[in-house]
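Notes follow the structure.
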Amino acid sequence: MKNTVTNLSDLGAFYREQIEAPGFDAAFGEQNGMGQLSVHDEPMATEMPDPDAARGAMEMIIGTVFDLLRGTRMEEFGRDIAWGIVNSFHVTSQRIEKREDEAGKKLGDMARAFDPSEIYAVELEETQRICQTLMDCREAMEAMRDYAGEIFRVETGRPFSTARGSRASSGLTASQIDARDFLAARASKRREQFAPTGPVVIFSGGTDWYDHELLWKALDETHARVPHMVLATTAQNKGCDQIAHAWAASRDVKTVRFTLNRALGKRAGFHRNEQLMNLKPVHAVVCEGSGIQANLLSRVQEAGVPHHAFAQRHQRTAA
């Protein structure tokens, strides 16, 4: 976004033209008439925030940061500030999820150890109410995070990515899942949001790359052939991977980010290539970068995996 808007109403209208959020309102639904967040709280008939007000708050909080600094010598720092705000919603949603998981575990333990006493019945009802309330709060927090993240994308051209760990989407945007969570989920059959099912397309390329249209075209062609694909990338924050992450966000394609295991030293990149190939990819997109990409392309070719391969010379001349 290049131009400064004259008022917050115009800012909100601009964002809503750019962002699709069909599930936003539903995330603020109330499953129970009474809410309770812990055993130390009394049940209360408080309501969830109004979704229109929540949407407007995200537009004001994130959008105002960009609009304030746009066209000034501080414009460069707007992205960092906005990222921190969006990430605070992410961190808070993770904390809520942890409490929800603890309440869910307690509820499961109680269900397996049935007791006909009235005390048991009261505690069971309370635990279920706490678990449900935390779930409602988490879903709303994730919805606000995702909407704020979409504003970040509109302003910067880049999808919001967490510094570490996964961002499993509430349904408004594509999930970005850390490889460690992905592999652990596959091994332990955890919830689908951390182990997305579907054919895997792997992607890797160098950081010195500017022709995004070339890569978007290749990814669109792949997506047309593999509509339920999961995109596994090498998790770099600039160049080819950044272009791929932006494409995935725009197409609502789940991504799994394979970061380097620095403890492996010089072997880290090659080990990551092994991890990618162990996913049994149905397609690969590999762009010229370093010897790591050359090694991955060689593995892809040896395995007979259909692929797009691009050299630096394939890029259009930069304007």
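The values are calculated or read from the model by the stated rules, or taken from the named source; none is laboratory data. The structure displayed is predicted, hence computed values, not measured ones. So basically every Cβ, Gly included, is an ideal-geometry build from the backbone, and we count neighbours across all protein chains shown.
Observations, loosely collected:
- In the range 60-83, the qualifying residues are those that are of a type in the set (Gly, Ala, Ser) and buried (at least 17 other Cβ atoms within 10 Å of the Cβ), and the one that is farthest from Leu134 (Cα to Cα) is Gly78.
- The C-beta contact set for the range 61-77 (first residue in contact (Cβ under 8 Å) with a residue 12 or more places away in the chain, second residue in a loop (DSSP other than H, G, I, E, B) and of a type in the set (Val, Ile, Thr), distance under 7 angstrom, 6+ apart or interchain) comprises Asp67/Thr4; Asp67/Val5; Arg70/Thr4; Gly71/Thr4.
- Filtered by the rule that a residue be out of contact with any Phe, Trp or Tyr (no Cβ under 8 Å at 6 or more places or on another chain) and β-branched (Val, Ile, Thr), the range 266-319 gives Val282, Val300, Val305, Thr317.
- Only residues that are among the β-branched types (Val, Ile, Thr) and in contact with a Leu (Cβ under 8 Å, 6 or more places away or on another chain) were counted in the range 250-297, giving 5.
- Filter pass, Leu214 being over 16 Å from the mean Cα position of the chain (by Cα), at pLDDT 85 or above and over 19 Å from Trp83 (Cβ atoms): yes
- Residue check for Phe152: assigned by TED's automatic domain parsing to the domain that holds Val65 and either more than 25 Å from Val65 (Cα to Cα) or not in a helix (DSSP H, G or I) (or both): no
- The range 1-55: number of residues that are part of a helix (DSSP H, G or I), modelled with pLDDT of 85 or more and buried (at least 16 other Cβ atoms within 10 Å of the Cβ): 5
Residues are listed down the side, and each one gets a yes or a no for (1) free of Cβ contacts under 8 Å to residues at least 12 places away in the same chain; (2) within 18 Å of Thr207 (Cβ to Cβ); (3) assigned to a loop (DSSP other than H, G, I, E, B):
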site: Ala263; (1), (2), (3): yes, no, no
site: Arg267; (1), (2), (3): yes, no, no
site: Arg272; (1), (2), (3): no, yes, no
site: Val286; (1), (2), (3): no, yes, no
site: Gly289; (1), (2), (3): no, yes, yes
site: Arg299; (1), (2), (3): no, no, no
site: His308; (1), (2), (3): no, no, no
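- Val86 part of a helix (DSSP H, G or I), touching a residue at least 60 places away in the same chain (Cβ under 8 Å), in the same structural domain as Gln128 (by TED's automatic domain parsing) and farther than 25 Å from Gln128 by Cα: yes
- Criterion violated by Arg225 - all others in (1) over 28 Å from Glu155 (Cβ atoms); (2) of a type in the set (Lys, Arg); (3) free of Cβ contacts under 8 Å to residues at least 12 places away in the same chain satisfied: (3)
- Scanning the range 96-154 for residues that are more than 18 Å from Pro43 (Cβ to Cβ), of a type in the set (Ser, Thr, Tyr) and surrounded by 21 or more Cβ atoms within 10 Å (Cβ to Cβ) yields one hit, Tyr147.
- Just one of the listed residues (Ala303, Ala309) is more than 24 Å from the chain's Cα centre (by Cα), at pLDDT 90 or above and within 22 Å of Ala224 (Cβ to Cβ), namely Ala309.
- Unmet criterion (only one of (1) in a helix (DSSP H, G or I); (2) over 17 Å from Gln293 (Cβ atoms)) for Ala244: (2)
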